[in-house]
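Written out below as structure tokens is the structure these notes cover.
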Amino acid sequence: MKINVRLFAQARDLVGSDQVALQLPDQATVAELRTELAAQYPDLAPLAAHLLIAVGVDYADDVAPLNAEDDVACFPPVSGG
Amino acid sequence: MIELTRETIDYTALTESVRSHQAGAVVLFLGTVREMTDGRQTAVLDYDAYPEMAEAKMAELEAEARRLWPVIEVGIVHRTGRHDLGEISVAVAVSSPHRPQAFEAGRHLIDRLKEIVPIWKKETYSDGTTEWVHPGIDQPSTESTNE
């Protein structure tokens, strides 16, 4: 399945795009998405261990399964305020 | 009122929006752009957000405050885009029957906002270098070449 991932802040700057498309096996988990993202975009390496993944408007942990229609986002630790 | 905006925050209107005859206390918190951080001079701050999720998380924080304290009204507004020194990036207003609840809820709301709401700030220092602020990640500044 194809998953579109929105990128924000330094993750977007390092990749040079605000969205990337990843090809993942059906029922892939967030952990597999992380692995594929790191493999396709090695420029993210400085952030890799710290990246947060959101599915819809909620944070997702590594065991969460993904579906093709999910809104997925990836970003570094937040610093609003 | 929960809002993400690119416009200047009208904190007077926000404060008025939480006032109530049931309230004996109204607390307003403003986050403003500080000039000096760890000996470095800020020129401007740029805030980026994931808008849909940021507004959803701010609404969650309001619900959380309502579970924990007898708050009457809550208002949270965060601004995105470029901010000059002294400008207001975030405003939190809370009303409650008595002042301890308003202070505690206001403190909780801004502390939690900084933990979970997907908004990020990027420093541009007076020497022209830029740096995303990502807590827990130590990184060198990068030269500003194209911004």
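Ellipticity at 222 nm from helices only: DSSP H runs of n ≥ 4 in chain B, each -39500 (n - 2.57), divided by the residue count, give -10000 deg cm²/dmol.
Determine the total buried accessible area between chain A and chain B, counting protein heavy atoms only with a 1.4 Å probe; round to the nearest 100 Å². By this definition, chains A and B bury close to 2100 Å². In chain B, with Lys and Arg counted as +1 and Asp and Glu as -1 at Cβ, which of these residues, B:L30, B:T42, B:T5, has the Cα nearest the positive end of the dipole, that is, farthest along it? Final value for the positive-end residue is B:L30.
Close amide H pairs (under 5 Å, H built 1.01 Å from N) link B:I72 with B:S95, B:S96, residues at least 5 positions away or on another chain.
Within the accessible area of the range B:37-147, the carbon and sulfur atoms contribute 48%, probe 1.4 Å, all protein chains present.
For the range B:15-93, trypsin sites (Lys or Arg not before Pro) meeting the loop criterion (DSSP other than H, G, I, E, B) and having at most 14 other Cβ atoms within 10 Å: B:R19, B:R34.
Each residue was assigned an accessible area with a 1.4 Å probe, and for B:H98 the value is about 120 Å². Bridging of A:K2 to aspartates and glutamates at a Cα separation below 15 Å is possible for A:D26, A:E32, A:E36, A:E69, A:D70, A:D71, once same-chain residues fewer than 8 apart are set aside. Contact residues in the range B:108-123 by the 50 Å² criterion (accessible area, 1.4 Å probe, full protein complex versus chain alone): B:K114, B:W120. Taking the chain by itself as reference, the range A:7-21 contains these residues with an accessible-area loss of 10 Å² or more in the full protein complex (1.4 Å probe, heavy atoms): A:F8, A:A9, A:Q10, A:R12, A:D13. Just the protein heavy atoms count here, and of the accessible area of the range A:2-75 at 1.4 Å, carbon and sulfur take up 49 percent.
Distant-in-sequence amide contacts of A:A64, defined by a placed amide H-H separation under 5 Å and a gap of 5 or more residues or a different chain, comprise A:V30, A:A31.
How much of the DSSP bridge set in the range A:2-75 is antiparallel, in percent, rounded to the nearest 5? Here the antiparallel bridges make up roughly 80 percent for the range A:2-75. Protein heavy-atom accessible surface, 1.4 Å probe, per residue over the protein assembly as shown: 50 Å².
The values are calculated or read from the model by the stated rules, or taken from the named source; none is laboratory data. A quick note: this is a predicted structure, and the numbers were derived from the prediction, not measured. Please note: Cβ atoms are built from the backbone with ideal geometry, for glycine as well, and neighbour counts cover all protein chains shown. We work out accessible area using only protein heavy atoms, side chains counted, and drop any ligands, DNA or RNA first. Shrake-Rupley method; radii C 1.70, N 1.55, O 1.52, S 1.80 Å.
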